[in-house]
């Protein structure tokens, strides 16, 4: 949501990413101190970039410092399925930056050339961790798996 808010003003520039990080951290700090039941945050994690590990750790510290439970769910659909989902009406309606389909697909494919988008076995050493290949699963099926695994 922060990307779609800022991209029309700054494009996919370093300034847009800086502001997105600031907005997210402020939102997380406010949510962590609130009485919200929970928050779902999605993040495209490049496992081969130390800066992404640092970002994840900063977010975790915001919530753990307030006593929150943190759950990691790693989704790993096949590339073909990711490209297919990139064009669904729901995604295009809710993610304006995906509406330029050629550009969006280009970003997705080029990211796979230099970034490792899935963890290696045992790399995420968190207690509450679930990895799901959701290529052939609906969002509802994955949500039920998550609720069952973590007893939510």
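Bear in mind that the values in this text are calculations on the coordinates, not laboratory data. What you are looking at is a predicted structure, and each value in this text was computed from that prediction instead of being measured. Reconstructed Cβ throughout: ideal geometry from the backbone, glycine too, with neighbour counts over all protein chains shown.
The separation of region 56-83 from region 1-51, counted between C-alpha centres, amounts to 12 Å.
Taking N as the number of residues in region 1-70, what value does Rg over Cα atoms divided by 2.2 N^0.38 Å take? Let's see the in-between values first.
Values: Rg = 13.0 Å, N = 70, 2.2 N^0.38 = 11.1 Å.
Dividing the Cα radius of gyration by 2.2 N^0.38 Å gives 1.18.
Describe numerically, in nm with one decimal, the distance between label points set 7 Å from Cα along Cα→Cβ at residue 58 and at residue 144. It works out to 3.9 nm between the two label points.
May I ask you to give the average projected area over all directions of the convex hull of the Cα atoms of the chain, in nm² rounded to one decimal?
So the mean shadow area of the Cα hull is 9.7 nm².
Relative contact order of region 25-88: 34 percent, from C-alpha pairs under 8 Å at least 6 residues apart in sequence. With the helix formula -39500 (n - 2.57) applied to DSSP H stretches of n ≥ 4, the chain reaches a computed 222 nm mean residue ellipticity of -17000 deg cm²/dmol.
Return a whole-number percent for the relative contact order of the chain, with Cα pairs under 8 Å and 6 or more residues apart as the contact set.
Working: 107 pairs, mean separation 40.9, N = 152.
Rounded, it is 27 percent for the chain.
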